[in-house]
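Enquirer: Pasting in a structure now, in structure tokens, and then I'll have a few things to ask.
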Amino acid sequence: MCRFRAMHKLTWKFENDLVVYLFCVTYSLMQIDHLEFAMPCAFAHFQICTFSNYFMLHIAIVNGPNLNLLGTREPEIYGHQTLDHYLKQLTKRFPLVHLHCYQSNVEGELINYLHNCMGMMNGIVLNAGAYTHTSIALADAVSAIGVPVVEVHISNVLAREDYRKTSFISAKCKGSISGLGMDGYALAIQYFVDALLPPAP
């Protein structure tokens, strides 16, 4: 399991350090009556805080049963890359996104985590694993929380066993991505970036 991983630790730490630095400079300049220099620092401080609060997406990546074994589990189907390694790549690829990562092999814990995303996340990337094909309760949670969800599957589930061709979750989601390997996660995040962030000037 991973929560508030590399993006949160690196980019957010940099922003916090810069905010603290600008606050200290602003206060020092005001103490010696250099208001002509203090005001630009105060404005920069305000801009950084505003940018962090309003233009950073919070996306949850939620993984279901057995996905903690990626890299060693049936590599001919799921590949050799571990989830942790790939998530580090995602944080570099999406600098305007805070990724909140969660994995559980327990259905109820996944449902509780989805409930906790209400009012906290801008979007959810959900790979429910085998629960995709069995869990009406998980589908009900996706429908109930009011947070847009994109369903992701690493393998092409429609090309596998018949029981994997049924998804209780798909109809509750914005869309589904299947069979594109780990890149399915990146495509789902890109959807949220395009849909929710303001366009670049």
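Each reported figure results from applying straightforward, stated rules to the coordinates on display, with no laboratory input. Being a predicted model, the structure only gives us computed values, none of them experimental. With ideal geometry, Cβ positions are generated from the backbone for all residues, glycine too; neighbour counts draw on all protein chains shown.
Enquirer: For Tyr163 and Asp194, compute 0.36 nm times the residue count separating them, minus their Cα-Cα distance, and round to one decimal in nm. The partial results should precede the final answer.
Expert: Working: separation 31, 0.36 × 31 = 11.16 nm, distance 3.35 nm.
Full extension of this stretch gives 7.8 nm more.
Enquirer: Could you give the radius of gyration (one decimal) and Dmax (whole number) of the Cα atoms in segment 56-196, in Å?
Expert: 13.9, 40
Enquirer: What is the spin-label model distance, in nm, from Glu109 to Leu187 if the labels are put 7 Å beyond Cα along the C-beta direction?
Expert: Taking the two extended label points, one gets 2.9 nm.
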